[in-house]
1. If R0 is 45 Å, what FRET efficiency do you get for ALA15 and ARG115 from their C-beta distance, rounded to 0.05?
2. Apply 1/(1 + (r/R0)^6) to the Cβ-Cβ distance of ARG94 and THR195, taking R0 = 25 Å, and write down the FRET efficiency to the nearest 0.05.
3. If packing is taken as the average number of other Cβ atoms within 10 Å across a peptide's residues, how do 85-98, 321-334, 11-24 rank, most packed first?
4. Between LYS213 and CYS330, what is the spin-label point distance in nm, taking each point 7 Å from the Cα along the Cα→C-beta axis?
5. How do 256-265, 102-111 rank on mean C-beta neighbours within 10 Å, highest first?
6. Each label point is 7 Å from the Cα along the Cα-to-Cβ direction; what then is the distance between the points at VAL301 and HIS236, in nm?
7. Counting Lys and Arg as +1 and Asp and Glu as -1, what is the net charge of the other residues whose Cβ lies under 10 Å from the Cβ of CYS295?
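Just so it is clear, none of the values below were taken in a lab; they were calculated from the coordinates. Only a predicted model underlies this, so the values are computations on that prediction, with no experimental measurement involved. Every residue, glycine as well, gets a Cβ built from its backbone with ideal geometry; the counts of neighbours run over all protein chains shown.
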Amino acid sequence: MVVAIGLARMEKFEAPEVIDRKARVLAELIRKSKHLVVFTGASISTSAGIPDFRDPEGIWTLVAHGQQATKKLVDNLQAIPTKTHMALVELQGRGILKGLISQNCDGLHRRIGIRADMISELHANTNIGYCNQCYKEFLRAGFYAVAPDNRPLHDHRTGRKYPICITQSLHDTIIHFSEDKADLCLVLGSSLIVTPANELLQLVGERAAAHRKDRGKQHVTTNLVICNLQDTDLDHLCLVPNHRIFAKADDLMQRVIHHLQLPIPEFRAVPVAISASEVLSLSLEFMGNYGEPICELQHTVRASNLPSCAAAKQPRVVTRTAYQLIYDPCNGKWTVELHTSSQ
């Protein structure tokens, strides 16, 4: 085991063969589990270039010592989800993952397709705003849905409006500073320092310890597995040494998915397919400097431009449509000009 010493708790790196052995054990636990719950911390996103908080170069660690970050950081909106993120969405798609509890607010879990009913985002999501009247959520994949820094701490209005409840401000979901069913709880990349989040894992670990005491080692029905480079205060609740793994989440999860004989999907944008004539009503919201109103646009998708079985062997004519949107701040109105071309 290699130990790295920094300003925070020491980081420990187990040898690859040790990680692989423990990954086999974890894969077998996952196969046998009926209710897998995963708990993720900030460290699962560090390989995407997003900083965490309490490792030797974490945000809070450096702030506590009056230092600044030296690593080049990636904006949340530009970050590419990691192998761990994609492994979790694969487990969700297979019906293996039953719940995800996340301390991450970077929005990567939702961006890759983790369902809203599957995840509990304890610290909310910087890409989600909600209407305070109807509570409808808006996942803003292209920009932050966070209140400006000049607003008071408890004022969560983002400055944008919901186009249906037009008078209602969108609020961010940021929190400023099904565990009862889990038979296997896997912690990935969390120091488990923050309360009350760590109490969820403590309940699972204590239940596992009680099962072992009452039923014996061979009849334990609940397990807590922790993967983190630093020691945590809940390590003692991992029943056997193989359940405590000192590794990066990506290194572990790639091995686990391999031993489960599953693929790790690649992250890619999902195209939208339209199979018939449709009129799309678009409400375009802009974040300019003139308080632009929403621009309402209707786009007609014509069936003649779509391929048919009879014309499958014929060269396809693709019609490209471009809209030029011009805003006049003097009268507060949009002008829409349509341009089409065929290829």
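1. With a Förster radius of 45 Å, E is 0.80.
2. 0.15
3. So the peptides 85-98, 321-334, 11-24, ranked by packing, come out 85-98, 11-24, 321-334.
4. Going by the 7 Å Cα→Cβ label model, 8.0 nm.
5. 102-111, 256-265
6. If labels sit at VAL301 and HIS236, their model points lie 5.9 nm apart.
7. -2
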